[in-house]
1. Computed FRET efficiency, Cβ-Cβ of residue 25 and residue 266, R0 30 Å: what is it to the nearest 0.05?
2. If you stretched the chain out fully between residue 226 and residue 247, how much longer would it get, using 0.36 nm times the residue separation minus the C-alpha to C-alpha distance?
3. Measuring from centroid to centroid over Cα atoms, what is the spacing of region 267-330 and region 102-129 in Å?
4. Calculate the translational D of region 186-232 in whole µm² s⁻¹ from Stokes-Einstein, where the hydrodynamic radius comes from the Kirkwood formula applied to all Cα pairs, the temperature is 25 °C and the viscosity 0.890 mPa s.
5. Using Cα pairs under 8 angstrom and six or more residues apart, how large is the relative contact order of region 180-338, in percent?
6. Under 5 Å between amide hydrogens, which residues at least 5 positions from residue 133 or on another chain qualify, with H placed 1.01 Å from N in the peptide plane?
7. What's the magnitude of the charge dipole for the chain around its Cα centre, counting Lys and Arg as +1 and Asp and Glu as -1 at the beta-carbon? Answer in Debye, nearest 20.
8. Where does the charge balance sit around residue 140 when Lys and Arg score +1, Asp and Glu -1, over other residues with C-beta under 14 Å from its C-beta?
Amino acid sequence: MRYLVVGAGAIGGSIGAYMARAGEDVVFTDQDVEHVVAMQRHGLTIRGYDETVTVPVQAVRLEELPGLAAPDFLLLAVKAQHTREALAGVLSSVGPKTAVVSLQNGLNERTIAEMVGGERTIGCFVNFSADYLGPGLVHYGSEGALYVGELDGRNSGRLEALARAMEHFGTVHRTDNIWGYLWAKLGYATMLFATALADERMGDVVDRYRTLMVELACEVYDVADREGVRLMPFDTITPALYWPRERQDWALLDLALDRMVRWQLASEKTKSGIWRDIKVRHRTTEVDEQPGRVLAIGRGHGLRLPLTQKLVAMIHELERGEREMSWQNLEELEALRGG
């Protein structure tokens, strides 16, 4: 099997490097030419929480793709807001049967299915911490969950082949409910966006604003319910403890949040990729494709999501430099929740 990784950053770089090290036929491409050149010359270095490894890899520029054999799987690992553009840019270089796998956050499988058809789209849920540090260098900060699934829940030979290849990176779970994991993580992701409102560690923000964090997740899960999604637990997130609100048991919730805070503080990556996008890389975040997309879907169901709406606006203000990261931003969001 041949694998093409489009976007060799935090997620695509980490997973693809371990696949390549195990002998899988993996080709990397990225819009960052310096990153591609560094991989060609020196390999791809993964600075892991338990090891640092440099893997010789095949890396090509985007314009070189047409000269390569068509892959069996296209592993798409670009930022969510670049999904449509990135996929359109490589489709002419892949075969009509190439399956597209979203190694991304959000509901990008919907966009991919619109472009290539649901029959060529495979869902993937990733939840481990990693960062792109520079050309040829990725930081893999801690373990996490990894699930793959066909969009319609069926089992398939290609799903098994994909899972076996990805297991060189770590444990890969097959699921008949990939949407349940993707929506469950959207609740967690909205919490992470809120942690980026302050220049503080994720765990410290979650610990200080527990009720706010739970309600942010609940707004997402309100929408998931309207979409008919059965939410699934992963890592430190158990959606059934959060939603529905009338069944919340705060003794259990506090224990779950304790575990989350410990996990976040123990990770080598103590601040989110959202924080890094704003504070370090000075670029837009995935806010429109994660909480923003939830907001749009929720409005279609007639739902009011006041915290999500405010959070999206605040992140945009941070991106534009119209707001500074501070605890006061969390206080503002907390006041809205209390109101």
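Readers should treat all values here as calculations from the given coordinates under stated rules, not as data from a laboratory. Computed from a prediction, not measured in an experiment: that's the story for all the values here. Neighbour counts run over all protein chains shown; Cβ positions are idealised from the backbone, glycine included.
1. Working: r = 35 Å, r/R0 = 1.18.
It comes out at approximately 0.25.
2. 5.8 nm
3. Centre-to-centre distance over Cα atoms comes out at 21 Å.
4. Reported coefficient: 220 µm²/s.
5. 32 percent
6. Amide H to amide H, under 5 Å and 5 or more residues apart or across chains, residue 133 pairs with 138, 139.
7. 260 debye
8. Taking every Cβ under 14 Å from that of residue 140, the sum is -2.
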